[in-house]
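Peer 1: One structure, pasted below without further comment.
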Amino acid sequence: MAVEPRIARHHVREEIQRRILSGERKAGDRLSQQSLAKELGVAQGTVRESLLELHWLGLVDSIDRLGVFVEKLDAPRICEAYQVREVLEGLASRLACDHVGRADISDLRQMADDVLKFAKQKDLQQMGATDHAFHLRIISLSRNKILIRLAETYRILGMAVWAALGMLGGGTLPDPERPSPVVGTERRPPGRPPSTSSSPATPSGRSLAT
C-alpha cells in the first residue's frame, strides 16, 4: 500500500530535523536530495518539499547552484525568533481569554509551577519539556490555525536552542523565585486582555501573555 505523500513528507522532514537538532548534521553540511531520497526510500520530490519546509523553519538554507545546507543558528537569529515569539504569544494570550476555562487555568498554573520546580532542581530536560507544553497550550487555546502554524517556526528554533544547551552541558535557568505566570490572567478584570509587555516570552513571567 502506497504511503500518502503528505504523510511521507512529514516523516522525512521530522527525520532530517532530528538529525540537525541532534548534531548529527552540522552547520554548513550539504544535504543531498538524491542521497536522502535513496537513504529514506522516498522520491526526490518528497525530499525537496521537506527541505522547503525546513528552510521556512530556519533550519536549512538554499544557495543557488550549490544546494541546500544546514543553517547556522547564531545569537542574532535566535534573538529575532524570540522577538517574534513575544508578539505571537501576546496575541495568543488575548485570543485564548475568549476560550479559556477554569480547568485550563488550573492546568496552566500546574505547568508553570512544575517549570519553577524543575528550575530549582536544575533539571534542564524536564524544565524545557514542560516550558514547551505550557506555551503550546496557550497557543492551542487561541484556536487560531494560522497562529498555530506560525508558532511552529520559533518552536523549532527553540528546540535547536535547547539541543545546543544540552551539548554544551548548561544554560540559563529562569529565576525560580518569580511569581506564577497565570496570576495576571486570573486577576484580570472582565473584558480586559492580558498585558503584552516587552519582557521575554517565558513561563516564569507574570501574565499568561509571557
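Peer 1: Go over the candidates SER140, SER62 one by one and state the one that is of a type in the set (S, T, N, Q), surrounded by 13 or more Cβ atoms within 10 Å (Cβ to Cβ) and within 18 Å of the chain's Cα centre (by Cα).
Peer 2: SER140
Peer 1: Here's another thing I want to ask about it. Within the range 83-102, take every residue that is surrounded by 17 or more Cβ atoms within 10 Å (Cβ to Cβ) and closer than 30 Å to GLY28 by Cβ and give me the one that is modelled with the highest pLDDT.
Peer 2: Out of the qualifying residues, it is LEU88.
Peer 1: Taking only the range 8-51 into account, find how many residues are over 21 Å from ILE63 (Cβ atoms) and touching an Asp or Glu at 6+ places or on another chain (Cβ under 6 Å).
Peer 2: The number of residues fulfilling the criteria is 1.
Peer 1: Does the range 2-10 contain any residue that is modelled with pLDDT under 85, surrounded by fewer than 13 Cβ atoms within 10 Å (Cβ to Cβ), among the β-branched types (Val, Ile, Thr) and not in a helix (DSSP H, G or I)?
Peer 2: yes
Peer 1: Going by the structure shown, is LYS72 surrounded by fewer than 14 Cβ atoms within 10 Å (Cβ to Cβ), under 18 Å from LEU21 (Cα atoms) and either small (Gly, Ala, Ser) or in contact (Cβ under 8 Å) with a residue 12 or more places away in the chain (or both)?
Peer 2: yes
Peer 1: Next question. THR130 is checked against (1) assigned to a helix (DSSP H, G or I); (2) assigned by TED's automatic domain parsing to the domain that holds ALA37 and fails just one. What number does that condition carry?
Peer 2: (2)
Peer 1: List, please: which pairs have Cβ atoms under 8 Å, are six or more places apart or on different chains, and start with a residue in the range 55-69 that is on the phi > 0 side of the Ramachandran plot and end with one that is not polar (S, T, N, Q)?
Peer 2: GLY58/GLU71; GLY58/LEU73; GLY58/ARG77; GLY58/ALA81; GLY58/ILE156; GLY58/LEU157; GLY67/ARG30; GLY67/LEU31
Peer 1: Let me ask another. Out of the range 114-136, which residues are among the charged types (D, E, K, R), surrounded by 16 or more Cβ atoms within 10 Å (Cβ to Cβ) and at pLDDT 90 or above?
Peer 2: Within the range 114-136, ASP114 is the sole residue that qualifies.
Peer 1: Hey, LEU59 hits all of (1) in contact with a strand residue (DSSP E or B) (Cβ under 9 Å, 6 or more places away or on another chain); (2) of a type in the set (A, V, I, L, M); (3) at pLDDT 90 or above but one; which does it fall short on?
Peer 2: (3)
Peer 1: Hey, another quick one. Please find, within the range 30-87, the residue that is nearest to ARG13 (Cα to Cα) out of those that are of a type in the set (Lys, Arg) and assigned to a helix (DSSP H, G or I).
Peer 2: ARG48
The values are calculated or read from the model by the stated rules, or taken from the named source; none is laboratory data. Not measured: the values here are computed from a predicted model. Please note: Cβ atoms are built from the backbone with ideal geometry, for glycine as well, and neighbour counts cover all protein chains shown.
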